[in-house]
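Just so it is clear, none of the values below were taken in a lab; they were calculated from the coordinates. Just so you know, these numbers come straight off a predicted model, no measurement behind them. Here Cβ is always computed from backbone atoms with ideal geometry, including for glycine, and neighbour counts include all displayed protein chains.
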Amino acid sequence: MSNAKLAALAAALILGVSSTASAQSLLAVKSPPGMTRASLVAWCKDHPNARADCREVRGDTREIRADRKEVRSDRREVRQDIKAGDKKEAKADKRELKSDRKDLRQDRRDRRGDVRDIRKDARKS
């Protein structure tokens, strides 16, 4: 353990002994205020309570990347159909592009919500 963690643990134990704190509050390690993205990642790695939330964020990130690839390929298909003069195909591909863009927006929204939840959990504990 690093010196900072040992000092935080010692301070928590002294505070817990001196007051009537519960055992759960002794085990909870508070994240630093004003967490940056890098410190949030480090906090996720070190705290078992946050691992599930961080796993959700990573899954959402993967979904976002996959949706971006789909949107790019849909745009390519639309351009190719327009060049070829296939109006019906272009129209169908535009509809598909629209639905994929909607999925992408939803995944981004989900990811932002999960990150927000992690930060709230970090402030609480």
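Rounded to the nearest 0.05, what FRET efficiency do Arg108 and Lys88 have when you use their Cβ-Cβ distance and R0 = 22 Å? FRET efficiency, Arg108 to Lys88: 0.10.
Stretching the chain fully between Arg119 and Gln80 yields a gain of 9.6 nm (0.36 nm per residue, less the alpha carbon separation).
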